[in-house]
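Structure first, then comments.
The values are calculated or read from the model by the stated rules, or taken from the named source; none is laboratory data. Quick caveat, the model's predicted, so the values are computed rather than measured. Please note: Cβ atoms are built from the backbone with ideal geometry, for glycine as well, and neighbour counts cover all protein chains shown. To get the accessible areas, we keep the full protein, side chains included, count just its heavy atoms, and leave off ligands, DNA and RNA. Shrake-Rupley method; radii C 1.70, N 1.55, O 1.52, S 1.80 Å.
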Amino acid sequence: MTNSKTRLQSVMNFIKLAEQQANRSPGSVKLLAVSKTWPASRLRELAEAGQIRFGENYLQEALQKIAELADLELEWHFIGPVQSNKTRDIAANFDWVESVDRLKIAQRLSDQRPTEKPPLNICLQVNIDDEASKAGVHADGLMELAAAVSQLKNIRLRGLMIIPAIAETVEQQLDAFARAQQLFSQLKTNHATVDTLSMGMSADMQAAISQGSTMVRIGTALFGERHTPNKQ
Ligand SMILES: *Cc1c(COP(=O)(O)O)cnc(C)c1O
């Protein structure tokens, strides 16, 4: 408990400082705790220390934790690759999906969202550095995809999610995040529901916050090093 609490406090302090340095208003950057590979007991400790948003990459693993933690009021974000045959469970169990990059997937999520639930919050994943190995819509196709997704009945388009290429220098980090911010502000002018720019992980959250991130996705700095390899 103490360890989780201390890590959470230190990440929150880091975010606060980065907000100040970037002249951002306090609280403008939200924290998503990325809990892949960690057992539900570790998430519960963080939740007891005040953390409400959790991000998961793998459906089966996530469903188990969602069930185990059903007594808590948590907000669940799916941030891993979305396969067509997983959309029904994702639509039924998550509050957000940050990794949508195709209309077909968004359409299925909308169709399969249970009617008693509020619209599913969606971020479109952008392949900001055009990497062959990475998911995400190409920047050129973003506005067209956003226009189509925003029309879906049970979907609320909230913004963008970015995973930049591994950067050699801080300048490279800043450059990718700055391009993402430009796309985000363009998207905002077209869609009133858009308010979320999800970018920044343990190693680059300061750079991301300086370039307008509104949500950092933090695993290692909150939980420690993952022992199982990141299958991403
Ligand atoms: C694992 C993961 C993170 C967290 O990365 P850390 O470096 O552990 O903070 C963030 N976003 C996505 C999409 C991830 O898969």
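Restricting attention to region 171-186, does a residue exist that is under 18 Å from V97 (Cα atoms), away from the ligand (no atom under 16 Å from the Cβ) and either at pLDDT below 95 or over 14 Å from the mean Cα position of the chain (by Cα) (or both)? Yes - at least one qualifying residue is present in region 171-186.
Of the residues in region 1-13, at least one is within 13 Å of the ligand (Cβ to nearest atom), over 25 Å from N127 (Cβ atoms) and assigned to a helix (DSSP H, G or I). If the condition is being part of a helix (DSSP H, G or I), buried (at least 21 other Cβ atoms within 10 Å of the Cβ) and more than 10 Å from the ligand (Cβ to nearest atom), then region 188-224 contributes A207, A208, I209, S210. For region 54-80, the candidate set comprises residues that are surrounded by fewer than 21 Cβ atoms within 10 Å (Cβ to Cβ) and touching a residue at least 60 places away in the same chain (Cβ under 8 Å); within that set, the residue that is nearest to R217 (Cα to Cα) is N57.
Selection within region 20-47: residues that are in a helix (DSSP H, G or I) and without any contact (Cβ under 8 Å) to a residue 40 or more places away in the chain. The member of this set that is most open to solvent (accessible area, probe 1.4 Å) is Q20.
If only residues of region 87-116 that are within 16 Å of the ligand (Cβ to nearest atom) and among the acidic types (D, E) are counted, the one that is nearest to the chain's Cα centre (by Cα) is E98.
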